[in-house]
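Here's a structure for you.
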């Protein structure tokens, strides 16, 4: 166990608080020191409230001293992506078009649940403007960088959260995922990220990108993600789309292993080309799960032209975002966001409704597929992190602003709304992380966590973080 409290997982911190071997105040101070040291280089946080965090940490310390913690996360340092409302702080969404001089008096559901559990919120993490792309740079906050190689992007749109978790600026982070925005940066930065089933974690207000957008945990361990799910999956009446609350403990059965679980392995989807080094690391990870007793068959669902379906949904969402901006401020927005919104203006209502119908058919295909294969394994991405400040890697430069061409494994499962996670499965020769994607049937979030935990135990990656702490 590290001697620096910032490096400890949430579950380790809670154990130390319970036995009075550590204090929430000391843990928060350790994370604030890490932010002071690394945030100027990485630009992971766009807002830090050190004074407020220490105040809440002292309150948590008093509760632990009295033997009366608020909940599962009392005293654990967390961060919030700057797309989610956070009481008392502006939520600017990476945009110069948002008026910060307004009343910021509500928490989004996940933020409220974290507070109710006693978590200490350190601040807000960077995002591209309105989370529109899977890299993290914005007109408001500039470029966020990958801790493994600061010349590279951490991915996005939860790139600030990923960089903060990977470098132990916080133990836990809340991210959002509308087309891969939790899983892409988790893969690029070597952390664990879960996109839960749509509606499992209540969200309010609903993303302007609609029902492809999910809220979920970003952590350094699978157990921490399960712990977070216990808190953030609790009900909130403001979310009309929320699933019925199931009151489960996501830690139950987490260590039950994968023996006998039927899994499909799709080395590619829709003919996507995967870098050879990435492909080999993913295949090695699949072989590791097979050695644990998983029943794995190399096969893939036939999803049809899922790219066109996603573009119709995502670009229409971009149009809604731009239309919500005051006309006089639109020139301040990210030019790429404006371009895809303009493209969507040419989509007719009939074309959009056809995409909605095709989405439903694709979702049905996947539900039937998962009746035979409860788990689907894929590469998380076909590539590793590329140059920071760029939307497209060089091999996809001809695709313009269509970032979905290099994220072919992520956005299908936003359309289908299934739980999907990225878990670190190795490093390339250049020292960049690679992620394995674990996809479960709709509502089977617990199984995704269970498979991820089995892999984590077989191929632990905690030691790799030491390279970021030197």
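Projected area of the range 9-110, taken from the Cα convex hull and averaged over every viewing direction, in nm²?
Average of the hull's projected areas for the range 9-110 equals 7.4 nm².
Using square roots of five times the C-alpha gyration tensor eigenvalues, list the equivalent-ellipsoid semi-axes of the range 337-470 in whole Å, biggest first.
Semi-axes, largest first: 30, 25, 10 Å.
So for 148, 104, 461, fewest C-beta neighbours within 10 Å to most, what's the order?
Listing 148, 104, 461 from fewest to most nearby Cβ atoms yields 104, 461, 148.
Please report, for the Cα atoms of the range 202-329, the Rg to one decimal and the Dmax as a whole number; what are they, in angstrom?
19.6, 60
At residue 395 and residue 352, where each label point lies 7 Å from the Cα along Cα→Cβ, what is the point-to-point distance in nanometres?
Output for this residue pair reads 3.5 nm.
To the nearest 0.05, how large is the calculated FRET efficiency for residue 206 and residue 66 if R₀ is 30 Å and r is the Cβ-Cβ distance?
Computed FRET efficiency for residue 206 and residue 66 comes out at 0.15.
Starting from the Cα of residue 291, step 7 Å along the direction of its Cβ; do the same at residue 467; then give the gap between the two resulting points in nm.
2.0
Sticking with this structure for a sec: In what sequence do 187, 197 fall when counting other Cβ within 10 Å, fewest first?
With the fewest neighbours first, 187, 197 line up as 197, 187.
Considering every pair of different Cα atoms, what Kirkwood radius, in Å, is found for the chain?
For the chain, inverting the mean 1/r across all distinct Cα pairs yields 21.8 Å.
Continuing with the same structure: Arrange the following residues from fewest to most other Cβ atoms within 10 Å of their Cβ: 348, 410.
By the 10 Å Cβ count, ascending, the order reads 348, 410.
So, in nm, how far is label residue 279 from label residue 246 when the simple model puts each one 7 Å beyond its Cα toward the Cβ?
3.5
When the distances between all Cα atoms of the range 121-172 are binned every 10 Å from zero, what whole-number percent does each bin get?
Histogram of Cα-Cα distances, whole percents per bin: 30, 55, 15.
For a Förster distance of 30 Å, can you work out the FRET efficiency between the beta-carbons of residue 305 and residue 328, rounded to the nearest 0.05?
Approximately 0.20, to the nearest 0.05.
Using r as the Cβ-Cβ distance of residue 342 and residue 150, and R0 as 30 Å, what FRET efficiency do you calculate, to the nearest 0.05?
After rounding to 0.05, the efficiency reads 0.35.
None of the figures in this text is laboratory data; all of them are computed from the coordinates on show. Since this is a predicted model, take the numbers as computed values, not measurements. With ideal geometry, Cβ positions are generated from the backbone for all residues, glycine too; neighbour counts draw on all protein chains shown.
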